[in-house]
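Taken together, the values in this text are just the output of simple stated rules run on the coordinates, not laboratory data. Here the structure is a predicted model, which is why all the values come from computation and not from measurement. Every residue, glycine among them, receives a Cβ derived from its backbone with ideal geometry; neighbour counts consider all protein chains shown.
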Amino acid sequence: MRIYLPFALSLLLGLSAFPLLAQQLTVTGKVTSSEGAPLPGVHIQVKGAGTGTVTNERGKYAISVPGTGTFFFRSEPPPTLVFSYTGFKTMEVAVDGQTELDVELPEEAAQLEEIIVTGTAAGRSPKIMSYAVGKIDEKELQEVPGATLGIGMQGKTPGLRVNRISGQPGQGVYFQVRSANAIANGQQPMLIVDGVFLGSQTLADLNPEDIEKIEILKGSAGTSLYGSQAANGVVQIFTKRGRNLEAGETKVSYRGEVGYSEPANRYPVNEFTNREILDPSGPQPILGDPNPDMVFDTPLPNLQDYQENILFQNGLYQSHSLSVQGKTERTNFLGSVQRLRDEGLFQSSEGYTRHSFRLNLDHQISNKLELQASSMYANSRQDLLALSSNGPNSFLATTLFLTPMFDLEAPNEEDGSSYDWDIDNTGFGITNPLYDRYNSRQSVDRNRLLGSLTTNYYAKDWLTLSYTAALDRSVNEFEHFLEKGYLSTSLPGQFGTLATAGVQNSNGGGIQRTTRITNSFISRANATIRRSFQGFNTAIRASYLYEELRAQFNGSIGENLAVRRIRSLDNAQSNIFISSENQLITAHSGFLIADADYKQKYIFSGLFRREGSSLFGPEQRWANYYRLSGAYRLTEDINIRGVRELKLRASIGTSGIRPTFEQRFEAFELIDGNITKKTLGNSRLRPAYSTETEVGLNASFGAFDLEFNFANILTEDQVLLAPLTAAAGFAGQWRNAGAVAAKVYEAGLKINFARLFKIKNGDINWNLMTTFDRVEQRVESLDIPAYVTGPGLQQSSLFLVEEGRALGTMVGEVFATSLDQLPEREGVNPSDFTLNQAGYVVRKDELGTPAERPFKLTDDNGNPLVQPIGDINPDFRMGFAHTIGFKGIQLYTLFDWKKGGQIYNLSKQWLYRDHRHADVSRYEEVPAGFFGNEGLYNGLVANNHFVEDAGFFMLREAALSYTFGNGAFGKWIDQFRLSLIGRNLFTLTDYSGFHPDVTSPLREENRLTNRFNGGIGSDPRTPNGDPNLFIVDAFNYPVARTLTFSIQATF
Amino acid sequence: MKSFLTQSVFFTLLLLSGACESLETVNDNNPSRDEVLTSGADLMDVLRGGYLVWWQGVHGAHPVMALSVSSDTYGLSWDDFGAFRMGQEPRTFYNNRITEDQDYQQVVQAPWLGCHSAVSSANDVLSAMDKGVSIDNGGPQDESLRASAHFLRGISWGYLGLIFDKALLVDLQTDLDQPLPFTPYAQIIDAAISEMEEAISLAEAAGPEFIHLYFNGLGLREAEFTGLSHAYAARFLAQWPRTEEENAAADWNRVLEHAAQGLDYDFAPMADGGSWQSYQQYAFAETGQGPFWARVDQRLVAAMDPSQPARYPEVIAGGEAPLDNPRASSDDQRLNTDFLFFPDNNFPVDRGEWHFSHYKHNRNKTDPGFAGNGSTDGPMPAFLAADNELLQAEALLRLGRTGEAVNILNAGTRVNRGKLPALPLNSSPEAVQQAILYERAIELLSTAPMSLWFDRRRSAPRENYLEVTPLGGLQTGTPAQLPVPAGELDIQMEEPYNFGGPNDPLGIDPVF
């Protein structure tokens, strides 16, 4: 008998778990909001029975309920289903024999919230998320849709920083989510669009008007699901797909925007000379010897305003987009097309033009099977008037360098052709920028194809199987063409000596073409289980993911062109070089993720991921990641007066940063058929490993919604170039050799003023979203010697990587600005020194003489001291998105405040070289030598004078709109909206350059393997530069102010 | 049926997800060590790469540009290549720190890494050969390869000994996992000479089938190779001294012995516009690159025309009188054939008028076959036959055989190209010494890299920057050797040090 007891007990337990098994009735249906939008993740329970389910992505459900009638001889009331969903009222519906039951859940007074998909098992309401997720929804993006996606994300969610290289139309942006976690490999988060893992790290190809919402997972505590690519955060973008329409509805929208962009200010250039004027007449005045006091106080003859007349324009900005969304019983879709043209600020520029197309289509094949397809194609052309590589030979730089007294349209003496190339007779040898402009062209053509297909199979009411395949293909074609007969003293880009016709045996000119193709493919299978029982709601997902990234690069360059105008590689006669590179990167990973809550009060999430990548050394092939996360919604248990919601959260998680292909593999460099030793391979290389602990809270009280997070991040095993002794023959080896630690404080506060001031009038819409973040990041440990690095521009390696230092510390030489800085040593008597007009310490006996120089701090042996001179890290950043509306009229503004943080003004330093900066003539008593080579210019060696406060307070976005109500324009037009839109309308800053919101370029167009000295990313320790860390202004394309008018009509 | 269909579709897709690449991907772009050292032909490619990095380390932009300016060979006041900072007057020290800009650090890093990397490649080849990798099983091809590897070690150590105060001597027996001691320059030079001698004996053993193709395809037969090896040995033995005292102690017998067997042709690999370039020839020669590049230093103009000052007057900054006549005149015909006059100057005044001169070197344009532009095509002369003759003459002079030295001079370029009068046989040793220095300065200009820096440091006392003479020594405080790069010292846990500046007038005593 004893042996049957366990069996009997099991049977009893089983019966108690499924007491109504004998008379089951399956009820199916759909749960929607009052607007008809399907609600996924709605919890449905059989009242009193402890069994339940949740709705799927389409809001559908199936649940077994006991039939009516009798059970165990007892009469039973009809079973009742309880539908609960955060943000909505809970509904109870009796099942009285129906097998189909559609339910419309009324919303609670609070705003309708969507579910968060990224990083969860099966989608979760933000209210029951246990770690921080940033979210930017359509409304926040569409008030002022930028020309390119990224920049419009600044200031809209705490913890997301957006850096841009310049204001160049079509330029991508660089994100930093929370802190900088990588010393050498950049901070770009993982980017996902509708499930497609982006292989090319630019969002510039996407049409911002297609975007429905953006989710941002901020640190390892949230991103562990994405493993070794996720320590810098994950940004997932979702596009519209007609899902929220009523069945049978079709919506056509047109949005047109037309306006112009203009430079926000002018660069201060020197309009005086220190030289005798021998011949003041144009087009080429002649200057003589400098005056004996070396002071720039003589107005230049034939003064020109180059910035107004040859450099800048008010460039046309226009975009037109048309979209169609529709929905039937089983299908919903979005089709959209956009043409955008942004001419930019520079005269005679073609600017940036983009065409993009999108088709998203969801179709339900049967009750159990559905397909979701997303596709996008974009084609764009960018005229790189100012090189993305910038530097002193760009159009902007030479315009500022040139002494503004020449008529630049004067013809060449040599052949009568346009624009006298060597009109500069001052001895500085600056090529006429107009000559360069018309004889040197660079452009980038990009083609981008994104596609994904997802199949969901609802095998059981509690089990969903799904499969996704997704591809991102990016083709980037760069062309640099120098016209035959090109004359210059300096060689642009990567061209060699025969690109100028001044060299013996050359016609000059040249052509370079490079093509980079990246294909990022993923294949993923998921099994998701959802169960609800006894107040517990669980979702468990098991996944397998395969990633494959193929990158191809082909480049050719040749010089000494045979004929004019022809942009064919066959036109080159000499110095022809070819280069190519292929990369194949694969990764396999599997993960298990479990989200659970008890009555939506106690919340838990945990996951484990195991990942292998070809970028890990053979001896370190697999890496493991995990997350543990919990939250407690205090207000569900304790009634706190005035507080509707208080949730406390804590999470810990890990994720990684992969080494690059070059770091993993390269041993011998092969260029032009020559094999030379470069970096030593490392079979033990593993990804950097980031551990984040996050605590936070969410609170809603009165008119306020508050989120606060504190994150403590430690990223170990940094992939760094360890220098090797020269005896090894290799310059270095990439090793795991350091750690970065960061503390992040971030907060978001939403205020509903209408509620705060108890304004009853429902026509008033008035609210403010404030974001705040503060980041403290430093090098926690370093197993290689301290080093300086930088973006690779000439003389720009000034960022110190040293244990204990803030990541982003600038070092350089120091000119004393206070007598207190004078060293106590023989020969230095403070009474011999004084401060000059410019605020620097100089010798009294040199004051006002041509010999006046700033005092440079040195050690006892006369070595200039190299000290920290700046830090890129701001004290904090804040964003204020404010909306006020009454009936149809609405004013939206976004202010962006960066407090502190410094920028290195390399442009200014360059302009001191030839005394072309206005500073040189600003002080009537300070001689030119004070600013020159032995003075502040300092041979272009970094020093404290060029470190400037990059803080700003700017009106980044503003829109004044009027929306006409239904029927105002007849029955065919549902809605009509007019807007006046401004971008970057004003900036308060102490920065002396064009704009402080710029950074150093990333190396994009060059050979992957061969870095030339002075080229972008030529610093081998930071192979591609890092726009988030190396805040350097080097003749960057100025940030534009844009004013536009838009019309939006929905049919 | 429908359910079966949907399930089939789904599981087909699942199966498709299994069609994946493995994690064992390879690098299709750059070979690994295992791949480049497996066959004899591979070894030749590796050695070719070793020769290239040696060439780039010694003939590239660094350190030649900076040292040519600091030895008053050329004037160049731009910041590029560390030239401006090493051309300051009075001279400053070379600031050997990792916080300096990359371009400036390259002054020491480029020759340091280039030469050591070349030795490493040579060692890889010799080691693989010891393990049995072979072209023709010990035949003349293997002998050629071995000789070429030893030659590469020799010229690499030779230049390390010429340039640095100490270097790393790594051979097949060195354990790279142990801390490596630095070897002083005198021993590095000794090792270089042994290698050259080893190369010579191996080449001679290979006989007529010997072939050397490692200088960008330039074919050297046995006699040409041994001549070049002897010549380099003579160069290292003659130019290593840092001071006059060391110069007096040099082994002039061995210089003579090697120079006597040295090359009788102008050694000049061909430029290809890519990896094989000579930056000094590109930047120093007149290539039509507009007004930007270097001028011949005024001291050399004064060497040809003694009526010219050796230091260009500081007219604007110092209020000195301008040149009476910027156009020089000389009995030496080369002033007209090898140099090009410019009436104006091209550098900004506030960067130092001492960089000014009215001449550029344009022998590449006027002497057919001598040189190209150093960049895209044409020969890049690195060791002239005249150089070897002058080493021989100098050795004879030092050994007291003045008459024989005069004979060599009179048979050489002084008379052939310069059309200068023959030196009398009974000339004083001092006069012969000056004539040799003059030829080395004028005839060898833009050929052997940094040659005048080596010659000025050993041949005459240091000179105050305001009182320089045409063929005098380095300016006081000019680094006369370079320190081990700070990055290498960091690895070896040693303090960085500098040479030159006010605290090191000779430029050879470390300043910390």
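Angle of helix B:140-163 to the longest C-alpha principal axis of chain B, folded into 0 to 90 degrees and rounded to 10: 50°. Pair-distance distribution P(r) for the range B:157-289, from all Cα-Cα distances in 10 Å bins starting at 0: 11, 31, 34, 21, 2, 0 percent.
Computed across the range A:278-337, the Kirkwood radius stands at 18.0 Å (inverse of mean 1/r, all Cα pairs). Short-range pairs are left out: with C-alpha atoms under 8 Å and at least six residues apart, the relative contact order of the range B:385-443 is 38 percent. Evaluated at q = 0.11, 0.20 Å⁻¹, the base-10 log of the normalised Debye intensity for the range A:284-434, with identical point scatterers placed on the Cα atoms, takes the values -0.64, -1.21. Averaging 1/r over every pair of different alpha carbons in the range A:460-577 and inverting the result gives a Kirkwood radius of 18.4 Å. Note on chain B: Rg/Rh from Cα positions, Kirkwood definition for Rh, rounded to two decimals, is 1.07. Remark: the range A:827-835, residue by residue, has Karplus-estimated 3J(HN,Hα) of x, 10, 10, x, 6, 7, 10, 8, 8 Hz, where x stands for each Gly or Pro and the curve is 6.51 cos²θ - 1.76 cosθ + 1.60 at θ = phi - 60°.
Secondary-structure-derived ellipticity at 222 nm for chain B, considering helices only, amounts to -14000 deg cm²/dmol, per-run term -39500 (n - 2.57) for DSSP H runs with n ≥ 4. For the residues of B:96-107, the average number of beta carbons from a partner chain within 10 Å of their own beta carbon is 6. Short to long, the 5 Å bins of the Cα pair-distance histogram for the range A:504-638 hold 2, 8, 11, 10, 9, 8, 8, 7, 7, 6, 5, 5, 4, 4, 3, 2, 1, 0 percent of all pairs. Within the range B:239-370, the ratio Rg/Rh, alpha carbon atoms throughout and Rh by Kirkwood, equals 1.05. Of the residues A:Ile128, A:Asn933, A:Pro283, the one whose Cα sits farthest towards the positive end of the charge dipole of chain A is A:Ile128 (charges of +1 on Lys and Arg Cβ, -1 on Asp and Glu Cβ, taken about the Cα centre). The slack in the chain from A:Ala594 to A:Val643, taken as 0.36 nm per residue of separation less the alpha-carbon distance, amounts to 14.7 nm. Packing order of peptides A:401-407, B:75-81, highest average first: B:75-81, A:401-407 (average count of other Cβ atoms within 10 Å over each peptide's residues).
The protection proxy used here, the mean number of other Cβ atoms lying within 10 Å of each residue, ranks peptides A:821-834, B:494-507, A:884-897 as follows, highest first: B:494-507, A:884-897, A:821-834.
Scattering from the range A:557-626 was approximated by placing one identical point on each alpha carbon and applying the Debye formula without solvent; log10 I(q)/I(0) at 0.13, 0.16, 0.22, 0.26 1/Å stands at -0.64, -0.74, -0.95, -1.08. Panel order for B:Met86, B:Met270, B:Met129, by other beta carbons found within 10 Å of each beta carbon, from fewest to most: B:Met270, B:Met129, B:Met86. The charge dipole of chain B, taken about its Cα centre with unit charges on the Cβ of Lys, Arg, Asp and Glu (plus for the first two, minus for the last two), comes to roughly 940 debye. Compactness check for the range B:77-125: Cα Rg over 2.2 N^0.38 Å is 1.45.
Expressed as a rounded percentage, what relative contact order does chain B have, with Cα pairs under 8 Å and six or more residues apart? Relative contact order for chain B comes out at 18 percent. Ordered from longest to shortest, the equivalent ellipsoid semi-axes for the range A:650-728 are 46, 13, 9 Å, each the square root of 5 times a Cα gyration tensor eigenvalue. Taking the Cα centre of the range B:385-443 as reference, the dipole from Cβ charges on Lys and Arg (+1) and Asp and Glu (-1) amounts to some 120 debye. Taking the square roots of five times each eigenvalue of the Cα gyration tensor of the range B:34-171, the equivalent ellipsoid has semi-axes of 36, 13, 12 Å, listed largest first. Hull volume per residue, based on the alpha-carbon atoms of the protein assembly as shown and their convex hull, is 213 Å³.
Scattering from the range B:154-214 was approximated by placing one identical point on each alpha carbon and applying the Debye formula without solvent; log10 I(q)/I(0) at 0.13, 0.15 1/Å stands at -0.44, -0.55. Expressed as a whole percent, the proportion of Cα-Cα pairs in the range B:385-443 lying more than 17 Å apart is 22%.
In a reduced charge model with +1 at each Lys and Arg Cβ and -1 at each Asp and Glu Cβ, chain A shows a dipole moment near 5080 debye about its Cα centre. Averaging 1/r over every pair of different alpha carbons in the range A:205-316 and inverting the result gives a Kirkwood radius of 21.3 Å. Angle of helix A:5-17 to the longest C-alpha principal axis of chain A, folded into 0 to 90 degrees and rounded to 10: 70°. Across the range A:276-322, the mean sequence separation of Cα contacts (distance under 8 Å, 6 or more residues apart), normalised by length, yields a relative contact order of 28 percent.
Estimated purely from DSSP H runs of n ≥ 4, each contributing -39500 (n - 2.57), the mean residue ellipticity at 222 nm for chain A is -1000 deg cm²/dmol once divided by its residues.
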